[in-house]
Amino acid sequence: GAPGRTVGSGLPAARGADVARRGPGLPRFLTFGDRVPASLGLVLALMLVMSIWGWLDRTRTFDALAALWPEGVLHGQVWRLVSWPFIEQDPLDLAFVGIILYGLGQQLAFAWSERRFLSRFFGYAAFATVGTTIVGVLWPPLLDLRHVGAWPVVNALIVSWGLLYPDRQVNLFFVLPISGRIAAWLVLGGTVLYGVARGGLVGIVAYAPHLFAIAAAWVLSTGFGIRRPWRDARAWLAEQSARRRARHLKVVKRDGEDDRPRWLN
């Protein structure tokens, strides 16, 4: 757009809007020189630091402490709800996850706001952990599942992006152009196929963190028919509240026939 300045701020208008969307609270150095939103920079920095820390720990104690482990969650190890997405087991996975987050994370942080991007990232991780733990209670072999890596959350963010921009184009494997809607369905179908290839129904259950994160993204993005009734209910409640507040008011005709006398002779 045309350059401009916000009153009293000394910032260009576009820049000021970007700062307002980013919001206060996160240090500017997390933007890596204003290349990424600070919320995304925080996620990438934590992922890099914690992954390297895990590689340096030859005993894998750090990985074990941070992993998604349903048995540990049941024993009160609540940090496991959100710690596991920040550890990648090899540099190749870290590179691929970083590239995807760098590309899609900027768009989502701009569309949602940075605070909402962080809440979605951690929310998808927590929902995947809780859902996997509940399934583990019903199917005890899953209680000993140990998972580290951000792919469940990244898959959920891809689904969120695909449903937010269903007609926008993305290149699959940097070669094949597909729409956002197709990308969301490919993530879901590919996850199920990976589970089947791993061991049939048992393999699908083993992919519970991925499936629960994707399910959370799908529900939040589409509502599955829940969003509209909820929106209608909120509108009805607002209307009833407005009517209650207006009970003491009286409609006055335009000619003032029903209005009380305002002047005395």
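Could you work out how far the C-alpha centroid of the stretch 99-132 sits from that of the stretch 36-60, in angstrom?
So the two Cα centres are separated by 16 Å.
Exactly which trypsin sites (Lys or Arg not before Pro) in the stretch 24-95 are in a DSSP loop and have at most 16 other Cβ atoms within 10 Å?
Arg35, Arg58, Arg60
With a 1.4 Å probe and all protein chains left in place, how much of the accessible area of the stretch 104-167 comes from carbon and sulfur atoms, in whole percent? Present the calculation step by step, with values, prior to reporting the outcome.
Details: 1720 of 2580 Å².
C and S atoms contribute 67 percent here.
Just the accessible area per residue of the stretch 25-97, please: how many Å² with a 1.4 Å probe? Let's see the in-between values first.
Values: 3820 Å² over 73 residues.
Accessible area per residue: 52 Å².
Can you list the HN-Hα couplings for the stretch 133-141, worked out from phi with the Karplus curve (6.51, -1.76, 1.60; θ = phi - 60°), rounded to whole Hz and with x for Gly and Pro?
5, 5, 4, x, 5, 7, 10, x, x
The values are calculated or read from the model by the stated rules, or taken from the named source; none is laboratory data. Everything numeric in this text was worked out from a predicted model, so none of it was measured. As a convention, Cβ positions derive from the backbone with ideal geometry for all residues, glycine included, and neighbour counts pool all protein chains shown. Quick note on the areas: whole protein, heavy atoms, side chains included, nothing else; ligands and nucleic acids left out. Shrake-Rupley method; radii C 1.70, N 1.55, O 1.52, S 1.80 Å.
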